[in-house]
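Please read the structure below before turning to the comments.
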Amino acid sequence: MASLTGLNVAARLVLAGGPPNVKPVAFLCTTAGIVGGPVTGFVVGLMTMLISDIYFGAGYWTIINSACMAVVGLIAGLLWYRRASITRTELAVGGFLLTAIYDVATSVIPAWIFGYSWWIALLLLYVPFLTGFGVLYPFGFVHELTTAVLMVAIGPTLISRVRQLVNHNVKSQAATSTMAELK
């Protein structure tokens with residue numbers, strides 16, 4: 001949990017000056033849920049956003065973003081934790097959809113709280129040039145596409161390697177416990 005959270009926070013901070021929403025946060029939270037289970041995914045998502053917002057400046061959005069990213073990790077864990085193999089297509093589609101859930105929720109929830117139009121919030125997320133605000137960058141689509149590409153490109157390898165590491169550690173702990181009991 002700590003390693004994936006630390007990696008996620010570091011990546012979010014380092015990539016802060018890069019293109020908007022081209023960050024591995026949802027990818028790593030999804031991966032955390034897949035390799036560690038729903039609770040691990042939830043904690044990595046929650047802690048990533050809470051800790052990194054200390055740097056960026058916390059506000060009401062920190063609670064919303066943290067809770068929503070936690071749900072991404074939780075759902076990934078519920079869907080794929082027990083699965084022995086997951087296809088690249090499943091990872092791409094699942095990563096895209098989980099990130100879309102996060103993006104829609106973090107756009108619509110503040111709209112409801114502060115009483116502005118939720119559909120304008122969604123337009124700004126996906127087709128901002130239609131709103132007349134002079135914004136051309138499709139933040140939501142770029143975020144979802146980044147997650148899907150990362151899920152296809154390095155997801156299977158990362159998931160396999162981390163699962164091997166976790167299984168090795170579990171076996172080592174079991175052997176140590178057995179040895180201690182025998183003494």
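Listing for the model above:
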item	result
Options 59, 41; residue that is more than 14 Å from the chain's Cα centre (by Cα), free of Cβ contacts under 8 Å to residues at least 60 places away in the same chain and on the phi < 0 side of the Ramachandran plot	59
Of all residues in the range 134-157 being in contact with a Gly (Cβ under 9 Å, 6 or more places away or on another chain) and small (Gly, Ala, Ser), the one that is nearest to residue 61 (Cα to Cα)	148
Of the criteria (1) under 18 Å from residue 156 (Cα atoms); (2) more than 11 Å from the chain's Cα centre (by Cα), which one residue 28 fails	(2)
Subset of the range 103-133 that is among the β-branched types (Val, Ile, Thr) and either touching a Lys or Arg at 6+ places or on another chain (Cβ under 6 Å) or outside any loop (DSSP other than H, G, I, E, B) (or both) - its residue that is farthest from residue 60 (Cα to Cα)	120
Given (1) in a helix (DSSP H, G or I); (2) of a type in the set (A, V, I, L, M); (3) in contact with a Phe, Trp or Tyr (Cβ under 6 Å, 6 or more places away or on another chain); (4) under 27 Å from residue 14 (Cβ atoms), index of the condition residue 136 fails	(1)
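Every number in this text was worked out from the coordinates using simple rules, so none of it is lab data. Quantities reported herein were computed from a predicted structural model and do not represent experimental measurements. Cβ sites come from the backbone with ideal geometry, for glycine too, and all protein chains shown count toward neighbours.
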